[in-house]
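Scroll down for the structure; my scribbles are underneath it.
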Amino acid sequence: MIKEDLNSKIADKNVDINKYVQMITVDAQLRDKIVHMMLSDRNIMVYYHSYYIIGKASEERPDLFYNYWGDFVSLLDHRNSYHRNFGLTLIANLTKVDKENKFLQIFDNYFKCINDAKFMTASKCIQNTAKILANKEKIRKPIINILLDVDNQCDFPEKQKALLKSSIIDVFDKIYNEIDDKKRIKEFVKAELNSISPKTKKTAKNFIFNQIITEKDH
């Protein structure tokens, strides 16, 4: 499969993502090519579809992509916010197999994205913490501290900060039963029951309702 042919196939709006996911899990050479296309190709359809393939494959088989850790970390400082988003997601996927604890070395660089120039990238950073919290039990506390301190961690306008808190509550909801310090999280969520963001207000209400139901069941 020559490079030009592969590029055109990946760029096709009807590309079969799942087919390529299966292919790169067994073909290391193709895997390497598609990672390179995501990192370097200038065609948005090529690098975005390459990301979709790698994102899904790395979620299913993160062990196959751990050797690209440095490449994915480099994306956190990419001038293109799409690529920064890619890096945030792919690194989070790889924390499941991060036996060398490489994430500790990039902790600050990763979470600086909560104050990215692009709101979507900040949101992506928060959303991906659910995976990191699930995979990195020993550093849950400092991550949770960052999320609880979102008002001071980022410089977005008040309405955008309020909206970010919806994503934070979603993260807390996913890992709540595994957290020891539930009191601070409950206080954070209760404070958002009167949020200026309708979405965050609804998310907070759902969280409280779900926890009440769970506690009754136990």
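Computed from the coordinates by the stated procedures, all read-outs in this text should not be read as laboratory data. Every value quoted in this text rests on a predicted model; they were computed, and no experiment measured them. When we count neighbours, we look across all protein chains shown, and the Cβ atoms used for this are built from the backbone with ideal geometry, even at glycine.
Picking from residues in segment 57-70 that are within 13 Å of N93 (Cβ to Cβ) and among the small types (G, A, S), the one that is farthest from the chain's Cα centre (by Cα) is A57. In segment 167-180, the condition of being among the charged types (D, E, K, R) and either under 22 Å from D108 (Cβ atoms) or part of a loop (DSSP other than H, G, I, E, B) (or both) is met by at least one residue. Among the candidates N109, N128, N145, the residue that is farther than 18 Å from L88 by Cα and assigned to a helix (DSSP H, G or I) is uniquely N145.
The residues listed here are I44, I24, I54, I34; of these, the one that is β-branched (V, I, T), within 28 Å of R79 (Cβ to Cβ), under 22 Å from the mean Cα position of the chain (by Cα) and surrounded by fewer than 22 Cβ atoms within 10 Å (Cβ to Cβ) is I44.
Just so you know, in segment 13-40 the residues that are in contact (Cβ under 8 Å) with a residue 12 or more places away in the chain and part of a loop (DSSP other than H, G, I, E, B) include one that is nearest to Y82 (Cα to Cα), and it is K13.
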